[in-house]
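See structure below.
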Amino acid sequence: SGQLLVGSHSSPRPVRCVMALSPDGAVALQDELIEAYGAAEVQRRLRDLNAKAVVRKAFDSASERELYLLELQRPIVARHGFEGSAKGVGDAMVAFIPEEISKNSRVIKRNHQMESLLRADAQLRDRWGIAQQTSLRDVGYWRSPPCQRHPLVEREENRLIENCVVARVPRAGLLSAADTEALVVACRGGDVATASRLLGSRQLGAGGRAALANVGYRALGAAGAKTLGRALGGDLESLELDVSGNNIGAAGAQALAAGLPRGLRLLKLNVSNNRITPSGLRALAASLPAALEVLHLGLAGVQMGPEGARALAEGLPPRLQDLSLDLHGNALTDEGVLLISRALPKTLTSLSVVLLKNGISRRGMFCIDRQIGDPSADFHLPLLKPECFSKVADIELHEFKEEEEGTLTRQLDFRSNF
C-alpha cells in the first residue's frame, strides 16, 4: 500500500481528499522510488541508520531516516502531480489507499521490492504471504481471516508517533499491570466496590460510558466472575471484556450475563476455554442487549454443542451490523452451524466466524457463503458483501465410509467426502 513510500505502517489519521492515481500511475511512481531506493549510496546510508537504531533510541533513528527519505521522495512525487513537500508525500501515500490501487497485483509486487530496499538487508517487518498472493490471483482480492488467537480484546493499537511513523502501543484505557492485579484480587475476594472503582477509573469515551478490561487466564473462578459482573456500570454503552480461561463454568457465565448493561451498543466478550456449557451460554445469549450493533464473542472450547448453538441463534440481537464469532472446538456439527447461519440478522454488514474443529461437512462449511450475494437464496443477507465476510473452517474427513448394508469401506482417497 501507499505507506511503503516511506516504509512505515498505515496511519490512523483520517483520509484526505487528494489527487487520484490510476494503477498505471501508481506503478510508474513506485518504479521511480525503487530506482532511487536502490542506489548504492542510498543503501549504504540506510544500513548506517539501521545500525544506529541498535545503539540509540529507535524513534530518534526513525526520525533521521524519515527525513532522509523525504528528501528523496519530494522531487519524485512532484513529477507525478503532487506537491513537492512533506504534505505532498503524505498525499501520495493516501492516494495508494483505494483498493483498486492497494490490492493491485503489480502494486503489491513493487511494495515488496520497496520494503526490501528500505530495510537495507534488515529483517522485513511485513509482507504478503503465499495465501494472500494466491487469493489475489484467484479471486482478485484478499479477505483477512478473523482473529484466531486470544485475547479477542486487543491490548495494543496503532498510534502516530510523528510524521509517517506509526508504532504499536498499549490501548488507551487499558488497565496497567498493577491495576489488573488489583482487579483480580478484588474479584477473587468478592470486593465489588474496589472492582467497580478500578473499572470506573479507566472508563473511556464520552461520559465514561465505555469500559475495557482484560483479565484472561487469572483463575477468577465462578465467584470472581460474579464479582466482576456486579462491578460493571449499568450506564455503559461499550464494553470489551476478556475473561477467557478462568474456569468460570456455567455459574460464572450466568453471573456475567446478569451484569451486562442493557444499553450496550458494542460488546466484545471473550469467555473461551471456560466450559460454560449450553446452560451458561443460554444465559449469556438471553442477556444480550437488543440494541447491540457490534458483537464479538469468543466462545472457543466452551462445550456448547448443537444445543448451545440453538441458544446462541435464538439470542442474537436483531439490529447487529458487525458480528464476530469464535466457535472453535465446540462439536457444533452441521446442525449447530445451520441453526446459527439461519438466525443471522439481515442488518449485518460485516461477519467473521471461526468454525475449526466442529465436525462439519461441506453442508455446514458453506451454508453461510450461500446466503451472501444471491437474493434468491434462503436466508439471504442483503447487506453483507463477500469482501466483508471472513471464515476459518475445516471439513471433517473420514478414512472409512459406511456402505448401505452397514459394512465399512476404507477410502483410498477422500473425494467421496465432497
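The values are calculated or read from the model by the stated rules, or taken from the named source; none is laboratory data. Note that the structure is predicted; figures quoted are calculated from it, not measured. All Cβ positions, even for glycine, are placed from backbone atoms using ideal geometry, and neighbour counts span all protein chains on display. Note: accessible area is taken over every heavy atom of the protein model, side chains too, but ligands, DNA and RNA are not part of it. Shrake-Rupley method; radii C 1.70, N 1.55, O 1.52, S 1.80 Å.
Has the stretch 271-278 got at least one residue that is in contact with an Asp or Glu (Cβ under 7 Å, 6 or more places away or on another chain) and open to solvent by less than 10 Å² (accessible area, probe 1.4 Å)? The answer is yes; a qualifying residue exists. For the stretch 296-331, a residue qualifies if it is assigned to a loop (DSSP other than H, G, I, E, B), under 22 Å from residue 381 (Cα atoms) and open to solvent by 10 Å² or more (accessible area, probe 1.4 Å), and the qualifying residues are 316, 318, 319, 321. Selection of the stretch 346-394 for residues being among the basic types (Lys, Arg) and part of a loop (DSSP other than H, G, I, E, B) yields 346, 357, 385.
In the set 182, 172, 222, only one residue is free of Cβ contacts under 8 Å to residues at least 24 places away in the same chain, open to solvent by 20 Å² or more (accessible area, probe 1.4 Å) and not aromatic (Phe, Trp, Tyr); that residue is 182. Quick check: is even one residue across the stretch 350-360 modelled with pLDDT of 90 or more and surrounded by fewer than 20 Cβ atoms within 10 Å (Cβ to Cβ)? Yes; the residues of the stretch 350-360 include at least one that is modelled with pLDDT of 90 or more and surrounded by fewer than 20 Cβ atoms within 10 Å (Cβ to Cβ). The set of residues in the stretch 197-219 being buried (at least 18 other Cβ atoms within 10 Å of the Cβ), modelled with pLDDT of 85 or more, part of a loop (DSSP other than H, G, I, E, B) and out of contact with any Pro (no Cβ under 7 Å at 6 or more places or on another chain) consists of 215, 218.
If you go through the stretch 257-283 and pick out every residue that is under 18 Å from residue 325 (Cα atoms) and not in a loop (DSSP other than H, G, I, E, B), you end up with 12.
Does residue 86 satisfy the criteria of being of a type in the set (Gly, Ala, Ser), at pLDDT 85 or above and crowded, with 19+ Cβ neighbours inside 10 Å? In short, no.
When the criteria are applied in full, residue 108 meets the requirement of being assigned to a helix (DSSP H, G or I) and either at pLDDT below 90 or in contact with an Asp or Glu (Cβ under 6 Å, 6 or more places away or on another chain) (or both).
Only residues that are in contact with a helix residue (DSSP H, G or I) (Cβ under 6 Å, 6 or more places away or on another chain), in contact (Cβ under 8 Å) with a residue 40 or more places away in the chain and open to solvent by 20 Å² or more (accessible area, probe 1.4 Å) were counted across the stretch 225-270, and they come to 0.
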